[in-house]
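The structure appears right after this line, and notes come after that.
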Amino acid sequence: MLIYIVEDDMNIREIETYALKNSGYEVESFESGEAFYEAMKQKTPDVILLDVMLPNEDGLSILRNLRADAKSAGIPIMMVTAKTTEIDKVRGLDDGADDYITKPFGIMELVSRVKALLRRASQGAKSSEIVFESVALSVDKHSVSVDNKPCELTYKEFELLRYLMENQGIVLSRDKIMERVWGFDYEGETRTVDMHIKTLRQKLGEAGSIIKTVRNVGYKVGQ
């Protein structure tokens, strides 16, 4: 398993590299976005650890670029930052981060979270093309179409729709959706799910009716 670390603080970069290499992972580290982008042209990592505060281009900008590119859209990404306010975490998660760890952090916690990301990515690797009625979702292309017309979704909206379509006919509770789409330790309220469902239905138009509300439980796609 290959892990890329993007961190401009040399001490933290070395600590992360040492811990992950000792856990059996192949690790390459970069102090700026420029060097990281060059490496991405050569090899695709299994996980990316991305600092928010970086020279020239910040981590959130890099995150958005990665999620907008089909080649990197599905790579698990953990944001690593000194910022601890809730709004900073929400911004990172809504822009497509899979997890968020704040400095200072324990080495065992870091390794444990990386392992969890890899587990979740492995569990989520299902069919690359999912179709239900007029809605078609391509995992590989990270795209959605309705009646063969492109439907633009944010990263989280895409992951939410993917999770629902992968489990057609199964009622998924808000807690399960939060865990799968926003991460096992996300501390946001479950109304986040309701808000994203509402927006998702609007973007799907008439096809939004494939998402059914199961009162007091959660949501499902299909009967």
Where Rh is the Kirkwood radius over Cα pairs, Rg/Rh for segment 30-113: 0.94
Note on the chain, DSSP bridge orientation, antiparallel percent to nearest 5 equals 50 percent
Direction-averaged shadow area of the convex hull around the Cα atoms of segment 100-166, nm²? 5.4 nm²
Carbon-plus-sulfur fraction of the accessible area of the chain, 1.4 Å probe, in percent? 48 percent
Estimated inter-spin distance, Ser209 and Asp9, nm [label 7 Å along Cα→Cβ]: 5.4 nm
Would you kindly work out the equivalent ellipsoid of segment 94-223 from its C-alpha gyration tensor and give its semi-axes, the square roots of five times the eigenvalues, largest first in whole Å? 27, 16, 13
Between Gln223 and Glu129, with labels modelled 7 Å along Cα→Cβ, what's the label distance in nm to one decimal, could you check? 2.5 nm
Could you sort Val139, Val144 by accessible area so the largest value comes first, with the probe set to 1.4 Å? Val139, Val144
Which whole-number percent is the relative contact order of segment 1-58 (Cα, under 8 Å, 6+ apart)? 47 percent
May I ask you to derive the relative contact order of the chain, considering only C-alpha pairs under 8 Å and at least 6 residues apart, and to give it as an integer percent? 13 percent
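Of the cross-linked pairs Lys71/Lys156; Lys103/Lys220; Lys71/Lys198; Lys149/Lys212, which ones have a Cα-Cα span greater than 26 Å in the structure shown? Provide the component values of the computation, followed by the final result.
Working: Lys71/Lys156 17 Å; Lys103/Lys220 38 Å; Lys71/Lys198 28 Å; Lys149/Lys212 22 Å.
Where the Cα-Cα span goes over 26 Å, the pairs concerned are Lys103/Lys220; Lys71/Lys198.
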If each of Ala121 and Asn65 carries a label point 7 Å out from its Cα toward its Cβ, how far apart are those two points in nm? 1.9 nm
Over the chain: helical MRE at 222 nm, DSSP H runs n ≥ 4 each giving -39500 (n - 2.57), nearest 500: -12000 deg cm²/dmol
Using a 1.4 angstrom probe, figure out how much accessible area the chain has per residue, in square angstrom, rounded to the nearest whole. 51 Å²
Counting all Cα-Cα pairs in segment 1-55, those more than 12 Å apart amount in percent to 60 percent
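The values are calculated or read from the model by the stated rules, or taken from the named source; none is laboratory data. Just so you know, these numbers come straight off a predicted model, no measurement behind them. In this analysis, Cβ positions are derived from the backbone assuming ideal geometry, glycine residues included, and neighbour counts consider all displayed protein chains. For accessibility, only protein heavy atoms count, side chains too; no ligands or nucleic acids. Shrake-Rupley method; radii C 1.70, N 1.55, O 1.52, S 1.80 Å.
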